[in-house]
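Here is the structure we will look at.
The values are calculated or read from the model by the stated rules, or taken from the named source; none is laboratory data. Small disclaimer: the values here were computed from a predicted structure and weren't measured. As a convention, Cβ positions derive from the backbone with ideal geometry for all residues, glycine included, and neighbour counts pool all protein chains shown.
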Amino acid sequence: MCGESKKCPKKRLLLPFLGVFGLVSIEEVRNFYYFPIVFTIGFFILFWNFPFLVYYTNTQPIYYEDLFINKRKLPNYNVPEKIKAKFQCIFNWTLIVTSSITMGCLADYWLYKTNNMVSIFEILGITGGILKIFQLVNNLCGKIVIKIIRCSIKKEKERYAHAISETRRRSSELISIEDEKNYEMTNIPKSKSSGTLSINTNN
């Protein structure tokens, strides 16, 4: 992500550290201090390597009508690729960090609620509710970030367009100056006899 090699991203080297989740099997780790830290670190590694897990709730859903829509012909706002990559990186990193912290907090709450439970169905019910809370928080953070980024993209496009127009204006000025110089050089009078430039001397 954000300029890493597509063949072997360095972040893949952190995947073995997902074994940090195995620490929850240790009794001393299952407390309200270490448990959220373990889950925050573990989910950060997971979300960093697979960012679609955190922004899938903020992508456009697929409907039946999409079968008959050519998305290539939809309106294109001509956002430069450099700007697009920049804000996509910001969006991904924001969701990765916020989602990792959210999972750490929810893991602490899950431990608190299931500490004295023995029924598997009660544990599954609480787990499902916590995952739903994560989805809601993730979706809310995504919408907030998208609104902020949308305003930033608009300003960035205006600066980008201004820079391009300024460059074109300067280029046209340089071209016009160069044309004037060439015109003056071609219209300098030459002597009829030798073809050399005539020099007028007035004493």
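For S119, state whether it is over 24 Å from I45 (Cβ atoms), among the hydroxyl-bearing types (S, T, Y) and either exposed (fewer than 12 other Cβ atoms within 10 Å of the Cβ) or at pLDDT below 80 (or both).
Spelling it out, S119 is indeed over 24 Å from I45 (Cβ atoms), among the hydroxyl-bearing types (S, T, Y) and either exposed (fewer than 12 other Cβ atoms within 10 Å of the Cβ) or at pLDDT below 80 (or both).
What number of residues within the stretch 25-44 satisfy the criterion of being of a type in the set (S, T, N, Q) and assigned to a loop (DSSP other than H, G, I, E, B)?
1
Just checking, which of S152, S165, S191 is surrounded by 10 or more Cβ atoms within 10 Å (Cβ to Cβ) and modelled with pLDDT under 75?
That would be S191, the only listed residue that is surrounded by 10 or more Cβ atoms within 10 Å (Cβ to Cβ) and modelled with pLDDT under 75.
Out of everything in the stretch 72-103 that is at pLDDT 90 or above and small (G, A, S), what residue ends up being surrounded by the fewest Cβ atoms within 10 Å (Cβ to Cβ)?
Filtering first and then ranking leaves S100.
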